[in-house]
Amino acid sequence: MDRLALNQWTTKRWSVKEAVAGCVRHGLPAIGLWRQNVAEQGLDETVPLVKHAGLRVSSLCRGGFLTSPGFEEDNRRAVDEAAALNAACLVMVVGGLPGVVPGEPLGEISRDLRSARNQVADALALLAPYAAQRGVRLALEPLHPMYCADRAVLSTLGQALDLAAPYPPETVGVVVDTFHVWWDPQVFEQIERAGREGRIASYQVCDFLSPLPADALLGRGMMGDGVIDFGPLTEAVAAAGYAGDVEVEIFNADIWAADPDEVVATMKDRFARLVVTRS
């Protein structure tokens, strides 16, 4: 449990202040924060709040959407916020096809996937030097292919590692998120590669529900409620040399509606029984 981190959206009803207090109450050493929640609490208030609670910030979510207009200014702000919070990494959800907005009907869009991926590479070239200057590690997160159009044109860990390759590993790393990578037949080879290259910036866990709900974004489940075998993935990440926090990040309407303290208690139990028992 000394590496278990609560991603704030697992207990979405909690404010930053409430989530920090919840981590302390449940003996968790780290928290993953979301930028909009930090903005509501206020960055200047959040920094000492987390520090005085003795918590690590396992990640700040999120930067990215690098295929959208105005990405540079917002991502520089995200880097500054991650630096102020001393976050282990800034999670980068890189964005989908230009013009495709999550949850909105299609209008004028680009269907050129290759060009969109090139845009991401070009944007990263602009942002990585600034992140390095601020001492912030960008963590590229490949998302499940069903999110390729609207959220992330990076769909595999291998793609993310290729994109990170031109940069020092302390500046650009990758996220290994079980929900997004469990299906990939190359996942174990790519986790080993990520470890060899020193690129694993974050390990996030939750389950993949079957059937998925109507809103596939909310198809993340508590560990044990879906189809993922966590043991081999955790063992691979550990063998790759990752020794950072393990963050539970769940988007699920029923979990969001439940009592957050009960959610965290269940999270701790499932984590102990299903995620780390074979690591």
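Things to note:
- Protein accessible area in the stretch 1-74, 1.4 Å probe - carbon and sulfur %: 51
- At most 11 other Cβ within 10 Å, DSSP loop - GluC sites (Glu not before Pro), the stretch 57-161: 108
- Expressed as a whole percent, the accessible area of the stretch 176-262 that falls on carbon and sulfur atoms is 54 (1.4 Å probe).
- Gaussian network model of the chain, Cα within-10 Å springs - most flexible of 208, 71, 179: 71
- Selection among 69, 266, 125 by position relative to the dipole of the chain gives 125 as farthest towards the positive end (Cβ unit charges, Cα centre).
- Most mobile listed residue (118, 75, 86) in the chain, GNM with C-alpha springs under 10 Å: 118
- Debye, to nearest 20: dipole size of the stretch 15-60, +1 on Lys, Arg Cβ, -1 on Asp, Glu Cβ: 180
- The residues of the chain expose, per residue, 42 Å² of accessible area to a 1.4 Å probe.
- Each Lys and Arg Cβ is given +1 and each Asp and Glu Cβ -1; about its Cα centre, the stretch 112-213 then shows a dipole of about 240 debye.
- Cα centroid separation, the stretch 1-74 to the stretch 124-173 (Å): 20
- Summary value for the stretch 10-161: 21 percent relative contact order, contacts being C-alpha pairs under 8 angstrom separated by 6+ residues.
- Projected area averaged over orientations for the chain, convex hull of C-alpha atoms, nm²: 13.4
The values are calculated or read from the model by the stated rules, or taken from the named source; none is laboratory data. Note that the structure is predicted; figures quoted are calculated from it, not measured. Reconstructed Cβ throughout: ideal geometry from the backbone, glycine too, with neighbour counts over all protein chains shown. Surface areas here come from the heavy atoms of the whole protein model, side chains and all, with no ligands, DNA or RNA. Shrake-Rupley method; radii C 1.70, N 1.55, O 1.52, S 1.80 Å.
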